[in-house]
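The values are calculated or read from the model by the stated rules, or taken from the named source; none is laboratory data. What you see is a predicted model, and the numbers here were worked out from it, not measured in a lab. Every residue, glycine among them, receives a Cβ derived from its backbone with ideal geometry; neighbour counts consider all protein chains shown.
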Amino acid sequence: MKRRTFAKLLTAGTLTAVSGSAVSCTKSAKKKSVKAALMHVGCQRGRTEIKELEFKARHGIRHIDGYAPKLIEGVGWDLDDALRQKELAARYDISIEAYHLPLSAAGIDNVTVPNIMLGTSPERDREIEMIQQMISVAGQAGVRALLYNTTILPVVRTERTPGRGGVTYSSWDASKGMKESKILTRAGLVDTDTIYERIEYFLGKVLPVAEEYNVQLGNHIADPPLPAGFKGITRWNSPNIMEGIKKFAQLSDSPSHGFNLCLGSCAEGMENPDKEIHELIRYAGERNQIFNVHMRNIKGGWGNFQEVYPDNGDMDFLKVMRSLRDVQYAYMIMPDHVPLHPDDPDASQGFAFCYGYLGALIKAVNAEAETSA
């Protein structure tokens with residue numbers, strides 16, 4: 001072989017090797033962009049009392065959505081009780097990270113402040129003053145977030161259906177449930193524009209207080225998303241769940257405005273939850289509007305679903321956890337509704353399983369980040 005030919009081949013080989021190294025370095029650089037997960041397992045289950053705190057501590061739960069402080073009628077929450085709960089939880093190395101405001105999934109019935117979503121004045125103004133006081137108590141007690149619902153209808157289900165190991169799943173079948181769609185509540189007919197007027201009125205009064213006390217306000221979507229006009233009500237997130245999320249997100253650019261993002265309830269409004277849920281996480285996560293996550297899995301979707309365990313639903317929760325990691329979600333992921341069994345009357349077994357499963361998923365996506373570093 002001639003020297004000149006050999007030199008050309010040698011140079012080409014060197015360039016190929018260098019080029020290969022460059023590609024390898026580029027791939028490594030891309031891998032380094034995978035950051036470690038910031039989230040942690042939490043829970044909203046149970047009162048802040050010794051038995052429940054010991055149960056959580058045994059299962060490695062260090063962050064909770066606590067039981068709301070004592071209610072002072074017509075005023076708001078008892079700060080001394082909030083501080084007492086915080087001190088008790090700290091004995092078990094547990095932090096109370098959130099409370100629920102009395103705007104609940106019960107809708108307008110059996111709640112302390114029904115007039116906010118009924119839109120009746122001056123009653124709603126007095127109730128909003130109570131919410132403002134509750135925000136101040138949370139801020140003074142060092143509670144990061146307050147979670148709430150802007151619903152008129154309560155949670156809607158049709159039945160319990162059989163599941164693995166003799167459990168039953170909370171289920172919705174629109175072919176059965178729609179038979180009651182013409183029965184109105186005391187709110188009468190309420191369209192989407194009216195729902196949003198009431199939500200915006202509420203947020204206009206409470207977000208400045210939340211900012212003052214550095215408290216996040218996370219709204220839980222109505223469960224489940226339903227056809228427009230069901231029992232006279234069109235939910236703010238229905239019937240198109242992604243449009244509803246975007247519209248609510250854009251009501252305010254306040255750092256205190258965001259979501260208690262219930263993945264199960266969102267999936268209930270989707271045709272293909274395993275695919276669509278990631279777009280929703282990216283949208284809210286990139287806006288820094290996810291303040292809490294309910295890790296509830298379902299089988300099914302819009303119009304027909306069962307609430308199941310986190311490992312046997314249609315959403316791949318390992319992929320979901322990656323999406324949450326990639327938007328750098330930094331707060332609690334928590335079990336929500338768990339299947340029920342006669343041998344587990346208080347659902348402790350179900351929650352214990354969920355704690356371990358969700359904790360393992362966090363470790364799994366962190367291991368991916370470490371491997372790619």
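Details
Per-residue answers, yes or no, for (1) farther than 28 Å from residue 308 by Cα; (2) touching a Phe, Trp or Tyr at 6+ places or on another chain (Cβ under 6 Å); (3) at pLDDT below 95; (4) among the basic types (Lys, Arg):
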site	(1), (2), (3), (4)
89	yes, no, no, no
116	yes, yes, no, no
120	yes, no, no, no
142	yes, no, no, no
147	no, no, no, no
159	no, no, no, no
162	no, no, no, no
167	no, no, no, no
197	yes, no, no, no
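- Residues satisfying the stated conditions in segment 330-363, i.e. loosely packed, with under 15 Cβ neighbours inside 10 Å and assigned to a helix (DSSP H, G or I): 356, 360, 363
- Residues in segment 223-269 that are among the hydroxyl-bearing types (Ser, Thr, Tyr) and either closer than 23 Å to residue 338 by Cβ or touching an Asp or Glu at 6+ places or on another chain (Cβ under 8 Å) (or both): 234, 254, 256, 265.
- Filter pass, residue 141 being crowded, with 16+ Cβ neighbours inside 10 Å, closer than 25 Å to residue 77 by Cβ and either among the charged types (D, E, K, R) or out of contact with any His (no Cβ under 7 Å at 6 or more places or on another chain) (or both): yes
Residues are listed down the side, and each one gets a yes or a no for (1) more than 28 Å from residue 313 (Cα to Cα); (2) hydrophobic (A, V, I, L, M, F, W, C):
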{"position": "114", "(1), (2)": "yes, no"}
{"position": "120", "(1), (2)": "yes, no"}
{"position": "127", "(1), (2)": "yes, no"}
{"position": "142", "(1), (2)": "yes, no"}
{"position": "161", "(1), (2)": "no, no"}
{"position": "172", "(1), (2)": "no, yes"}
{"position": "175", "(1), (2)": "no, no"}
{"position": "180", "(1), (2)": "no, no"}
{"position": "186", "(1), (2)": "yes, no"}
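- Filter pass, residue 186 being among the charged types (D, E, K, R) and out of contact with any helix residue (DSSP H, G or I) (no Cβ under 7 Å at 6 or more places or on another chain): yes
- The residues of segment 85-112 that are out of contact with any helix residue (DSSP H, G or I) (no Cβ under 9 Å at 6 or more places or on another chain) and within 12 Å of residue 142 (Cα to Cα), listed by number, are 85, 86, 87, 97.
- Residue check, residue 126 buried (at least 17 other Cβ atoms within 10 Å of the Cβ) and part of a helix (DSSP H, G or I): no
- Test: residue 189 is modelled with pLDDT of 95 or more, surrounded by fewer than 23 Cβ atoms within 10 Å (Cβ to Cβ), over 23 Å from the mean Cα position of the chain (by Cα) and in the same structural domain as residue 77 (by TED's automatic domain parsing): yes
- Verdict on residue 210 being in a loop (DSSP other than H, G, I, E, B), among the small types (Gly, Ala, Ser), in contact (Cβ under 8 Å) with a residue 60 or more places away in the chain and in the same structural domain as residue 110 (by TED's automatic domain parsing): no
- Filtering segment 93-102 to residues that are surrounded by 16 or more Cβ atoms within 10 Å (Cβ to Cβ) and out of contact with any His (no Cβ under 6 Å at 6 or more places or on another chain) leaves 94, 96, 98, 99, 100, 101, 102.
- Residue satisfying condition, being touching a Pro at 6+ places or on another chain (Cβ under 7 Å) and surrounded by fewer than 19 Cβ atoms within 10 Å (Cβ to Cβ), within set 174, 105: 105
- Hey, residue 314 surrounded by fewer than 24 Cβ atoms within 10 Å (Cβ to Cβ), modelled with pLDDT under 95, of a type outside the set (Val, Ile, Thr) and not in a helix (DSSP H, G or I) or not: no
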